[in-house]
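K.L.:
Let me give you the structure first, and then I'll get to my questions.
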Amino acid sequence: IDIDRIRTVGSTLRTAATRSAAHFSGLPFPEGEEPLALEVLALATLHQYGFWADTDHGYGGPMWAMIDGVRWKGSDFLWSAFTRAAAADPTVLDPARLAATPMLFDEICRDDDGVCPIPDVGSHRMLQQAYGAAIGGLGGIRSVVDAANASPDPLAALLETLATIPGYGEDPLAKKANLLALILANRPECFLRLSGTSSIAPIVDYHNMRIDRKRAG
């Protein structure tokens, strides 16, 4: 083992990673210091799944849709849709409205053809309502993040609370919870302080876990 070579490669990778670190601001994300950025990011991260067409043989291809003449792929479409909706009508992020309005998700994610292109939209509607009720009972996502930052280990505290919230808590790998923590920590506002001993777990994209049903059967 060439220890010197390992150290050189490690140093290069560290530098490259620092320079290319995502700040999750600017389209399709909310701009830095946008007043409702935290609420948009938490709600949109909740819905980060299922952006692909299903067939009898499994994966059928990614979802594409237009917003204001721009063609977005799956995940970026949803980020852009929530960013647009919050700018047009901030009340779409109100927990009480999320909990009480089943079709609000469709309204938020309407494309240029006037329809919601998200696959399995029914699950998103139910998730939106369940999240609204749960986060409203906790005083809103800002209260959750403020409480986490006031603890000795903000990341661990945030993940513990997210584990009780529909849409975040069901996944044993906590992909979306860790993704949200990564986003909040890297935003220009530094919503989440990583001052404890915990570290953000590797985020495994769900498409890497797909199984071709035909071969599996």
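K.L.:
In the list P152, P172, P119, which residue meets the criterion of being within 19 Å of L192 (Cβ to Cβ) and not hydroxyl-bearing (S, T, Y)?
P.N.:
Unique residue meeting the criteria: P152.
K.L.:
Could you check the stretch 93-142 and list, in sequence order, the residues that are closer than 20 Å to A53 by Cβ and hydroxyl-bearing (S, T, Y)?
P.N.:
S123
K.L.:
Would it be correct to say that A100 is open to solvent by 60 Å² or more (accessible area, probe 1.4 Å), of a type in the set (G, A, S) and without any contact (Cβ under 8 Å) to a residue 12 or more places away in the chain?
P.N.:
no
K.L.:
Within the stretch 103-126, can you find the residues that are crowded, with 18+ Cβ neighbours inside 10 Å, touching a residue at least 60 places away in the same chain (Cβ under 8 Å) and part of a helix (DSSP H, G or I)?
P.N.:
Residue satisfying the conditions is H124 alone.
K.L.:
OK, next. If I go through the stretch 47-71 residue by residue, how many of them are in contact with a Ser or Thr (Cβ under 9 Å, 6 or more places away or on another chain) and over 28 Å from P166 (Cβ atoms)?
P.N.:
3
K.L.:
Now for a separate question. Whether any residue in the stretch 1-22 is assigned to a loop (DSSP other than H, G, I, E, B), surrounded by 12 or more Cβ atoms within 10 Å (Cβ to Cβ), in contact with a helix residue (DSSP H, G or I) (Cβ under 8 Å, 6 or more places away or on another chain) and in contact (Cβ under 8 Å) with a residue 12 or more places away in the chain is what I want to check.
P.N.:
no
K.L.:
Can you confirm whether A163 is more than 12 Å from the chain's Cα centre (by Cα), without any contact (Cβ under 8 Å) to a residue 24 or more places away in the chain and farther than 22 Å from H124 by Cβ?
P.N.:
no
K.L.:
What's the total number of residues in the stretch 55-91 that are open to solvent by 70 Å² or more (accessible area, probe 1.4 Å), in a loop (DSSP other than H, G, I, E, B) and hydrophobic (A, V, I, L, M, F, W, C)?
P.N.:
Final tally of qualifying residues: 0.
K.L.:
Residue under question is I165, and the condition is that it be open to solvent by less than 20 Å² (accessible area, probe 1.4 Å), modelled with pLDDT of 85 or more and not in a helix (DSSP H, G or I); does it hold?
P.N.:
Yes.
K.L.:
Okay, moving on. Exactly one condition in (1) under 23 Å from S25 (Cβ atoms); (2) under 19 Å from the mean Cα position of the chain (by Cα) is not met by R71; state its number.
P.N.:
R71 satisfies every listed condition except (2).
K.L.:
Looking at (1) assigned to a helix (DSSP H, G or I); (2) open to solvent by 30 Å² or more (accessible area, probe 1.4 Å), which is the one condition that is false for A148?
P.N.:
Failed condition: (2).
K.L.:
Please go through the stretch 168-214 and pick out each residue that is in a helix (DSSP H, G or I), of a type in the set (D, E, K, R) and at pLDDT below 90.
P.N.:
Hits for the stretch 168-214 are R213, K214.
K.L.:
Write out, first by first residue and then by second, each pair whose Cβ atoms fall under 9 Å of each other, whose residues are 6+ apart or on separate chains, and whose first residue, in the stretch 73-92, is closer than 21 Å to G50 by Cα while the second is open to solvent by 60 Å² or more (accessible area, probe 1.4 Å) and part of a helix (DSSP H, G or I).
P.N.:
Within 9 Å, the pairs are A85/E107.
K.L.:
Okay, next question. Which members of the stretch 34-54 meet the condition of being open to solvent by 10 Å² or more (accessible area, probe 1.4 Å) and either within 18 Å of the chain's Cα centre (by Cα) or within 21 Å of L180 (Cβ to Cβ) (or both)?
P.N.:
Residues satisfying the conditions are E34, P35, L36, E39, Q48, Y49, G50, F51, W52.
K.L.:
Follow-up. Being modelled with pLDDT under 90 and either more than 24 Å from D94 (Cα to Cα) or open to solvent by 30 Å² or more (accessible area, probe 1.4 Å) (or both) narrows it down to one residue among G136, G217; which is it?
P.N.:
G217
The values are calculated or read from the model by the stated rules, or taken from the named source; none is laboratory data. Keep in mind that what you see is a predicted model, and the values were worked out from it rather than measured. Cβ: placed from backbone, ideal geometry, glycine included. Neighbour counts: every protein chain shown. The protein model used for the area step is the full one, side chains on, heavy atoms only, and it has no ligands, DNA or RNA in it. Shrake-Rupley method; radii C 1.70, N 1.55, O 1.52, S 1.80 Å.
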